[in-house]
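A short worksheet on the structure shown next.
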Amino acid sequence: MFGQRAKARAQQDAERAETAERLRAALAAQINDTIVHTVGARQALVRGAFPDDILSRLEAAEESAREALTELGQLTSLIATPTD
C-alpha cells in the first residue's frame, strides 16, 4: 500500500514538474515576444515612423502580454487542481 502511494505521489510530482516547465516555456516565449514588439515600437518612435506603425507594434505587444496572462491562468489552474 505504501508503495502504491509513493508511486502515485511520484507520478503527481512528475506531472506538476512537467506542467511547471510548460508554464515557464510558454511565459518565456510570450514575454520575449512582448519585448520584441515594444523594442520595435520604441525604435519606430525614435526614427519618426508613422503613428500607425508605432500603434500596430504596441497593439501586438499588448496582445502578446494578454496571451501570456491567459496561458498563465490556464496552466496555474492545472497545477492547482487536485488529482486525488
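Brief remarks on what is shown
- Of all residues making up region 54-77, the number that are surrounded by fewer than 14 Cβ atoms within 10 Å (Cβ to Cβ) and more than 16 Å from T34 (Cβ to Cβ): 4
- Of all residues in region 29-84 being in a helix (DSSP H, G or I) and acidic (D, E), the one that is farthest from the chain's Cα centre (by Cα): D52
- Taking first residues from region 20-46 that are farther than 16 Å from E62 by Cβ and partners that are at pLDDT below 90 and loosely packed, with under 13 Cβ neighbours inside 10 Å, the Cβ contacts under 8 Å between residues at least 6 apart in sequence or on separate chains come to A20/I79; L23/I79.
- Residue match in region 38-53 (condition: at pLDDT below 90, of a type in the set (S, T, N, Q), surrounded by 12 or more Cβ atoms within 10 Å (Cβ to Cβ) and on the phi < 0 side of the Ramachandran plot): no
- Some residue of region 10-18 being of a type in the set (K, R), under 30 Å from A80 (Cβ atoms), in contact (Cβ under 8 Å) with a residue 40 or more places away in the chain and assigned to a helix (DSSP H, G or I): yes
The values are calculated or read from the model by the stated rules, or taken from the named source; none is laboratory data. It should be emphasised that the depicted structure is a prediction, and the values quoted were computed from it without experimental measurement. Counting neighbours? That spans all protein chains shown, and the Cβs are built from the backbone with ideal geometry, glycine included.
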